[in-house]
Every structure is written in structure tokens, then in C-alpha cells.
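Enquirer: If you scroll down you'll find the structure; I have some questions about it.
The values are calculated or read from the model by the stated rules, or taken from the named source; none is laboratory data. Everything numeric in this text was worked out from a predicted model, so none of it was measured. Backbone-built Cβ (ideal geometry, glycine too); neighbour counts: all protein chains shown. The accessibility values were calculated without ligands, DNA or RNA, using every heavy atom of the protein model including side chains. Shrake-Rupley method; radii C 1.70, N 1.55, O 1.52, S 1.80 Å.
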Amino acid sequence: MRAATRTGLSSRTYRPGGYRANVAEQQIAVPRRVAAAIAVGTLLNPLNSSMIAVALVALQRAFGVGLATSSWLVSGFYLAACVGQPLMGRVADRYGPRRVYCAGLAVVLVTGVAALLSPGFGWLVGCRVVQAVGTSAAFPAGLATIRRLAGGRPPAATLATISVTNSTSAALGPVLGGFLVAGAGWRGIFAVNIPLAVVGLVLALWWLPPDGVRRAPASTDLDLPGVALFSATVVGMLGFLLSLSSGPQWWLLAVFPVAAGLFTVRELATTEPFIDLRTLAGHLPLVRALAQQAGVQLVFYAIFYSLPLWLERVRGLSAHSAGLLMLPMAATGVALTPYAAIRVRRSGPRRALLAGCTALVGGALSLLLVDDGTPVLGIVGVGIVLGLPQGFNNIALQAAVYAGAPEGQTGVAAGLFQTCRYLGAIMSTALIGVAYGRDYSSGGLHRVAVFAVGVAVLLAFAAYRTSRTGGARHRSGFSRPRLSGNGTPPGRHRAMPAEST
């Protein structure tokens with residue numbers, strides 16, 4: 001009993017034959033400066049994926065290209081990020097998260113400068129692809145750093161800080177991009193990365209804990225054939241989805257199963273796989289969280305993309321006005337995140353995810369009430385309702401992936417988590433193309449809403465089943481740890497004192 005008390009477990013929380021963890025007592029605090037340094041780096045990926053939307057017209061004029069050609073700035077970024085997130089996570093797990101985090105920011109800095117000197121459109125696309133890989137390092141490396149400090153139990157406040165930063169940067173990306181394009185032309189959206197990367201590097205070098213001695217690299221450290229096959233799998237699947245709006249590329253659909261099969265064979269055969277499929281299959285909560293992430297983002301982006309389209313094409317609003325009407329949706333999600341973090345800290349991610357998915361059903365249903373005659377205040381109200389689930393879902397899913405990641409594989413798990421985000425976003429664009437077709441009307445918006453309601457109901461049911469089956473475990477929603485001789489759950493990293501970071 002004394003051992004349990006020394007680790008923060010009181011006699012009230014530790015009971016013979018059962019372990020009921022008091023999350024607030026068990027969590028090891030992550031220094032705020034570490035969370036701040038990580039947040040600065042993680043905002044770059046969502047910021048760059050959203051700012052580009054308002055710069056496409058200026059880029060088309062500057063380089064004399066059409067819409068289909070300029071869209072490669074968006075598609076290339078998405079595809080590179082889908083592969084880059086788990087790749088950077090794997091490298092962070094292997095070589096140290098601080099090194100990879102700083103290297104990613106250095107890449108962003110270099111591509112920001114190179115983009116300003118672009119001699120042609122192809123060069124600019126290349127800069128965007130490399131930039132996507134650089135910005136993909138921060139989130140998985142950041143979560144791996146947090147895991148080393150806090151152990152296996154998710155620090156809800158730290159994850160909330162990252163979630164708020166990412167949501168805010170994604171929401172304000174088009175607004176910031178509009179000001180930058182108006183003041184500095186298309187180069188402004190690339191130039192802004194330079195000071196942000198410099199600040200991120202300085203904070204990382206000052207505040208992130210060192211990785212320690214790097215072991216000598218071996219030829220098997222990085223499964224390059226596995227990376228190549230995973231890339232082919234992702235490009236085949238997502239490339240086909242992206243082509244649906246302009247004309248299906250059926251050969252990409254054929255590439256996907258072949259590459260996926262070869263990737264599976266390779267990963268099961270090698271001793272140092274890029275993605276350990278055997279371990280992943282043994283961690284069903286992690287697999288479930290990744291699947292839920294893809295579904296939640298499919299619904300969110302289907303609404304997030306289709307509503308501005310409807311506002312501009314059907315209601316005749318300007319792009320600026322449509323963007324302003326989307327702000328209540330983002331602001332509600334950001335404002336609700338601290339409360340959702342409290343719920344996650346007290347009762348675990350399962351109940352928070354159930355609340356978020358239930359709210360997602362209500363939000364999708366509210367979209368059916370919008371039509372050609374809905375007043376502006378009504379649209380604002382619908383936006384607020386649509387923002388409610390985001391505050392819960394983002395933090396709950398991050399916590400679920402954090403807790404479900406195998407020991408030493410937090411980086412690659414976080415990378416897959418972000419890949420699922422992009423998968424949901426790209427699937428949503430295919431859905432919007434099918435739902436609207438050439439019929440830009442309230443009917444097209446309602447078809448998107450009906451599909452969103454169906455997916456949201458499935459997500460809510462899955463979250464309900466998970467919350468019920470989680471009752472056999474302790475109330476915070478995590479698996480029951482076994483205490484070692486000194487009362488510490490096995491595999492727990494000792495946290496670095498705040499003063500030493």
C-alpha cells in the first residue's frame with residue numbers, strides 16, 4: 001500500500017483485486033513551455049493546407065495555368081502529408097522526436113525561401129510537396145515528446161493546447177491568407193512560414209527536452225521498401241478519390257489493392273517494419289480510434305467544404321462573407337475544447353467521444369433546416385451547432401490514440417492519426433462532387449447532410465458500444481495497468497522535472 005501511495009495512489013483509489021485510477025492524481029504534468037513549443041510547430045500543417053484556398057486565383061494569373069493545374073498545389077500537399085505524417089512519426093520514434101521536430105521546421109524554413117524564388121509553376125508544386133513533409137514532422141514528433149514526459153496516460157490539458165492551436169490555425173488560415181495575398185500577392189502565403197519556422201526552431205531548441213545519445217544507425221532502421229509500398233497504396237487510393245470530380249482515373253483504383261497487398265506481405269515478413277501491422281492488430285482501441293478519426297473528419301469536412309460552396313453559389317455571397325459565416329463554427333469548437341479536456345481528464349476519452357458523435361448527429365440534422373430563404377442569423381445558429389462536436393471529438397480522439405499507441409510507437413501512431421484526417425478530408429471532396437454534380441442548389445447541400453447524418457449515426461453507435469464495453473476497465477477508459485514492485489505501472493516513463501527542460 002505504501003508503494004501505491006508513493007506513486008500518487010491513495011488507499012482510497014487502490015483496492016485489492018481491482019485498480020481504479022484517479023486520473024488527476026496519476027497524470028504527470030507536461031511543462032507549459034514544452035506544450036507551447038510543440039503547438040507552434042503543429043499549427044504550420046493546418047495553416048498551410050487552408051491558406052492556399054484563397055491564393056489559387058492569384059497563382060493562376062501569375063503563372064498562366066488553369067484550375068485543374070493549380071489544384072496540384074492542394075492535391076500534392078495532401079498526398080505528401082498523408083505519407084509524410086507516419087513516415088516522420090516512425091523516424092521520430094527511431095532517432096528522437098526533438099531531432100525530427102527541428103529538422104521538419106528547418107525544411108519548412110528552406111521551402112519558404114525557395115518558394116519565393118520559384119522560376120515556374122512546377123518548382124512551386126515541388127516546394128509545396130517538400131513543405132508538406134516538413135510540416136508533417138511536428139505533430140507526431142510532438143506527441144512522442146509528450147509521451148516520453150507524461151507516460152501512457154494522456155495529459156488532457158497539453159492535448160487541448162495542441163487541439164486549440166490546430167483548430168484555430170485551420171479556421172483562420174483563409175482569413176490570414178486573404179490579408180497576405182492582398183498585401184504581398186501569392187508569395188505572402190509562403191513567406192509567412194519563414195518567421196513561424198524560425199520562432200518554432202528557437203523555442204524547440206530552448207524548451208524541448210534532449211533526445212539523448214543517438215545509437216548508431218543500421219541498414220534496417222528504416223524500412224524503405226515498406227515506405228515505398230505504403231506511399232503507392234496511399235497515392236492509389238487518394239489519387240482516385242481526388243480524380244472523381246474531374247474524371248475517374250480507374251488505373252489508380254487498380255493500383256490500390258495491389259500495392260496494399262504487397263505492403264501487407266512486406267510488413268509481415270520484415271523484422272523492422274515501417275508500420276508494425278502485427279502490433280497494430282493487437283491494439284484494437286488504437287485501430288478503432290483511427291477508423292473513428294477518418295469517419296469524423298469525413299463528416300466534418302463534408303460540411304466544412306459544402307457549406308461555403310452553397311453560400312457562394314446559391315445564396316450569392318462573396319468569398320469573404322462566406323468565410324465570416326464559417327467562423328462561428330470554428331469558434332464554438334475552439335471555445336468548447338477546454339471543457340472537453342476537463343471531461344477527458346476526469347472520465348477518459350470514451351464518454352467525450354460519445355458526446356461529440358451525438359452532437360455530430362444533431363449538427364448534420366440542423367443542416368437539413370437550411371434552405372434558400374434561411375436568414376443570416378439562422379445560418380450563424382447552425383454554424384454554432386455544427387461547432388459543438390468538434391470541441392469534443394478532436395481532444396477525445398487525440399487522447400484515445402495517445403493512450404492506445406504501443407510503447408515506443410507513439411510517433412507513427414500519431415502520424416497515422418493525421419493520415420486518417422486527410423483521408424476523411426479527401427473522401428469528403430469526392431462526396432461533395434457526387435452530391436452536387438452540376439446542381440448547385442439547396443438540394444445538393446441536403447444530400448450532403450443526409451449522408452453526413454448516416455455516417456454520424458454509425459459513429460455515435462460505435463462510440464456508445466465502446467463506452468459500454470469500457471465499463472469492464474477502469475473508469476477513465478484506459479486498460480488496467482499492473483503495478484510493479486514499487487507501485488509504478490510498467491512501461492511508465494519517468495517525467496523530466498519541469499526545471500530540467
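Enquirer: Quick check: anything in segment 392-405 touching a Ser or Thr at 6+ places or on another chain (Cβ under 7 Å), assigned to a helix (DSSP H, G or I), among the polar types (S, T, N, Q) and under 25 Å from P46 (Cα atoms)?
Expert: yes
Enquirer: A follow-up question, please. So which residues in segment 51-74 are hydroxyl-bearing (S, T, Y) and open to solvent by 20 Å² or more (accessible area, probe 1.4 Å), if there are any at all? Step through it out loud before you land on a result.
Expert: From segment 51-74, those hydroxyl-bearing (S, T, Y) are 69-71; that's our starting set.
Result: T69, S71.
Enquirer: Please find, among A399, A364, A425, the residue that is touching a Gly at 6+ places or on another chain (Cβ under 8 Å) and either at pLDDT 90 or above or within 30 Å of I162 (Cβ to Cβ) (or both).
Expert: Working: A364 fails: touching a Gly at 6+ places or on another chain (Cβ under 8 Å); A425 fails: touching a Gly at 6+ places or on another chain (Cβ under 8 Å).
Answer to the selection: A399.
Enquirer: What are the residue pairs meeting all of these: first residue in segment 68-96, first residue assigned to a helix (DSSP H, G or I), second residue surrounded by fewer than 21 Cβ atoms within 10 Å (Cβ to Cβ) and of a type in the set (D, E), Cβ atoms under 6 Å, and 6 or more apart or on different chains?
Expert: Final answer for the pair search is R94/D221.
Enquirer: To continue, here is another question. How many residues does segment 238-253 contain that are part of a helix (DSSP H, G or I) and either among the basic types (K, R) or open to solvent by less than 60 Å² (accessible area, probe 1.4 Å) (or both)? Spell out the reasoning first.
Expert: As a first pass, look at segment 238-253 and keep what is part of a helix (DSSP H, G or I): 238-243, 250-253.
In the following step, the residues that additionally are either among the basic types (K, R) or open to solvent by less than 60 Å² (accessible area, probe 1.4 Å) (or both) were identified as 238-243, 252.
Number satisfying all stated conditions: 7.
Enquirer: I'm trying to understand the selection: among the residues of segment 346-357, which are surrounded by fewer than 24 Cβ atoms within 10 Å (Cβ to Cβ) and touching a residue at least 60 places away in the same chain (Cβ under 8 Å)? Show your work before the answer.
Expert: Pass one, segment 346-357, residues surrounded by fewer than 24 Cβ atoms within 10 Å (Cβ to Cβ): 346-347, 351, 354-355.
Listed by number, the residues that qualify are R346, S347, R351, L354.
Enquirer: Determine which single condition S347 fails, assuming it passes every other condition in (1) within 22 Å of S467 (Cα to Cα); (2) of a type outside the set (F, W, Y); (3) modelled with pLDDT of 90 or more.
Expert: Of (1) within 22 Å of S467 (Cα to Cα); (2) of a type outside the set (F, W, Y); (3) modelled with pLDDT of 90 or more, only one is false for S347: (3).
Enquirer: Same structure, new question: Go over the candidates P210, P273 one by one and state the one that is part of a loop (DSSP other than H, G, I, E, B) and open to solvent by less than 60 Å² (accessible area, probe 1.4 Å). Before the answer, list the steps.
Expert: Working: P210 fails: open to solvent by less than 60 Å² (accessible area, probe 1.4 Å).
Going through P210, P273 in turn, the sole match is P273.
Enquirer: Which numbered condition trips up T337, out of (1) under 18 Å from the mean Cα position of the chain (by Cα); (2) of a type in the set (S, T, Y); (3) open to solvent by 10 Å² or more (accessible area, probe 1.4 Å)?
Expert: (3)
Enquirer: For L353, all conditions in the list (1) part of a helix (DSSP H, G or I); (2) at pLDDT below 90 hold save one; what is the number of the exception?
Expert: (2)
Enquirer: May I pose another question? Scan L224, L241, L307 and give me the residue that is over 27 Å from A171 (Cα atoms), among the aliphatic types (A, V, I, L, M) and out of contact with any Cys (no Cβ under 8 Å at 6 or more places or on another chain).
Expert: On the way: L241 fails: over 27 Å from A171 (Cα atoms); L307 fails: over 27 Å from A171 (Cα atoms).
Exactly one of L224, L241, L307 is over 27 Å from A171 (Cα atoms), among the aliphatic types (A, V, I, L, M) and out of contact with any Cys (no Cβ under 8 Å at 6 or more places or on another chain), namely L224.
Enquirer: Might you check whether a residue that is modelled with pLDDT under 95, small (G, A, S) and open to solvent by less than 40 Å² (accessible area, probe 1.4 Å) occurs anywhere in segment 297-310?
Expert: Filtering segment 297-310 down to residues modelled with pLDDT under 95 leaves 297-310.
When the remaining residues are screened for being small (G, A, S), the result is 302, 306.
Then keep just the ones that are open to solvent by less than 40 Å² (accessible area, probe 1.4 Å); that gives 302, 306.
Yes: one or more hits.
Enquirer: Go through segment 418-445 and report how many residues are of a type in the set (F, W, Y) and either closer than 18 Å to S231 by Cβ or not in a helix (DSSP H, G or I) (or both).
Expert: Step one: filter segment 418-445 for residues of a type in the set (F, W, Y), giving 422, 436, 440.
Filter once more, so that each one left must be either closer than 18 Å to S231 by Cβ or not in a helix (DSSP H, G or I) (or both): 422, 440.
Residues flagged as of a type in the set (F, W, Y) and either closer than 18 Å to S231 by Cβ or not in a helix (DSSP H, G or I) (or both) within segment 418-445 amount to 2.
Let's see how each residue does on (1) within 20 Å of A156 (Cα to Cα); (2) acidic (D, E); (3) surrounded by 23 or more Cβ atoms within 10 Å (Cβ to Cβ):
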residue	(1), (2), (3)
A359	no, no, no
D371	no, yes, no
G378	no, no, no
G381	no, no, no
L386	no, no, yes
A430	no, no, no
V450	no, no, no
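Enquirer: Right, here's the next one. Got at least one residue in segment 133-142 being within 21 Å of C82 (Cα to Cα), β-branched (V, I, T) and assigned to a helix (DSSP H, G or I)? If you could, list the steps in order and put the result at the bottom.
Expert: Step one: filter segment 133-142 for residues within 21 Å of C82 (Cα to Cα), giving 133-142.
Restricting the remaining residues to those that are β-branched (V, I, T) gives 133, 135.
Those left that are additionally assigned to a helix (DSSP H, G or I): 133, 135.
Yes - at least one qualifying residue is present in segment 133-142.
Enquirer: While we're looking at this one, here's another question. Looking at segment 388-403 only, could you name the residues that are buried (at least 24 other Cβ atoms within 10 Å of the Cβ), small (G, A, S) and touching a residue at least 60 places away in the same chain (Cβ under 8 Å)?
Expert: A399, A400
Enquirer: If P154 satisfies every condition in (1) surrounded by 22 or more Cβ atoms within 10 Å (Cβ to Cβ); (2) part of a helix (DSSP H, G or I) but one, which is the exception?
Expert: Condition (2) is where P154 drops out.
Enquirer: Checking R343 against (1) in contact (Cβ under 8 Å) with a residue 60 or more places away in the chain; (2) under 23 Å from the mean Cα position of the chain (by Cα); (3) in a helix (DSSP H, G or I), which single condition isn't satisfied?
Expert: (1)
Enquirer: I need the full set of residues from segment 23-50 which are modelled with pLDDT under 80 and either open to solvent by less than 30 Å² (accessible area, probe 1.4 Å) or basic (K, R) (or both), in order please.
Expert: V23, Q26 - these are the residues of segment 23-50 that are modelled with pLDDT under 80 and either open to solvent by less than 30 Å² (accessible area, probe 1.4 Å) or basic (K, R) (or both).
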